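Q: Right, I'll just put the structure down here and ask away after.
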Amino acid sequence: MKDVLFVAAGGAIGTSARYSLQLLLPAAGADFPLGVLLMNWLGCLFLGWFFTVTLRSWRIKPHLRLAIGTGFTGGFTTFSTFAVDAVRLTVHDRMLTAVLYLLLSVGVGLLLTWAGIRLGTKMTQTAPKGKRL
């Protein structure tokens, strides 16, 4: 039950952060849903990095990892809005835009997750003895 509370607290913060960022970004409208795309990309990069550094060298409590990784990032990113936007684009006869949105979301999302993992890996590698600061 304690885990659920940590995930819920992280989710509340992540959802609030997403909503606040959405206020600063252009509304989806009938055009390209850039705001959701950017938030999901940011979440992919962050989650790849976060789980890499916290599992390799940053020792944080499992409850905190759940709150940030599952709760915050899950609340910040939004698969359901991504899906609704993709369907909305097809319903409005914007098939090329919908396909572009799908390809960018998935393709760049995977690339950014990989980049986050690489960044986290580089950050947690120990420098050779003569190279330490």
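Rundown of residues vs (1) farther than 29 Å from Gln125 by Cα; (2) over 18 Å from the mean Cα position of the chain (by Cα), yes/no style:
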position	(1), (2)
Leu5	yes, yes
Ala12	yes, no
Cys44	no, no
Phe51	no, no
Leu66	no, no
Phe82	yes, no
Leu110	no, no
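Q: Look through Leu103, Leu89, Leu111 and report the one residue that is out of contact with any strand residue (DSSP E or B) (no Cβ under 9 Å at 6 or more places or on another chain), farther than 26 Å from Ala8 by Cα, of a type in the set (A, V, I, L, M) and modelled with pLDDT under 95. Give the steps one after another, and end with the answer.
A: Details: Leu103 fails: modelled with pLDDT under 95; Leu111 fails: modelled with pLDDT under 95.
Being out of contact with any strand residue (DSSP E or B) (no Cβ under 9 Å at 6 or more places or on another chain), farther than 26 Å from Ala8 by Cα, of a type in the set (A, V, I, L, M) and modelled with pLDDT under 95 holds for just one of Leu103, Leu89, Leu111, which is Leu89.
Q: Taking segment 88-105, which residues are hydroxyl-bearing (Ser, Thr, Tyr) and surrounded by 19 or more Cβ atoms within 10 Å (Cβ to Cβ)?
A: The answer is Tyr101, Ser105.
Q: Taking Asp85 and the conditions (1) of a type outside the set (A, V, I, L, M, F, W, C); (2) surrounded by fewer than 18 Cβ atoms within 10 Å (Cβ to Cβ); (3) under 23 Å from Leu100 (Cβ atoms), which numbered condition does it fall short on, given that it satisfies the others?
A: Condition not satisfied by Asp85: (2).
Q: Quick check, is Val36 open to solvent by less than 70 Å² (accessible area, probe 1.4 Å) and closer than 22 Å to Leu89 by Cβ?
A: Yes; evaluated as a whole, the condition is true for this residue.
Q: Out of the residues in segment 41-72 that are among the basic types (Lys, Arg) and either crowded, with 19+ Cβ neighbours inside 10 Å or without any contact (Cβ under 8 Å) to a residue 60 or more places away in the chain (or both), state the one that is nearest to Leu21 (Cα to Cα). Give the derivation first.
A: Residues of segment 41-72 among the basic types (Lys, Arg): 56, 59, 61, 65.
Of the ones still in play, those that are also either crowded, with 19+ Cβ neighbours inside 10 Å or without any contact (Cβ under 8 Å) to a residue 60 or more places away in the chain (or both) are 59, 61, 65.
Working: Arg59: 29, Lys61: 28, Arg65: 23 Å.
Of everything passing the filter in segment 41-72, Arg65 is nearest to Leu21 (Cα to Cα).
The values are calculated or read from the model by the stated rules, or taken from the named source; none is laboratory data. This one's a predicted model, so the numbers in the text were calculated from it and none came from an experiment. A quick note on method: Cβ atoms are made from the backbone with ideal geometry, for glycine too, and the neighbour counts reach across all protein chains shown. SASA here: full protein model, heavy atoms, side chains in, ligands and nucleic acids out. Shrake-Rupley method; radii C 1.70, N 1.55, O 1.52, S 1.80 Å.
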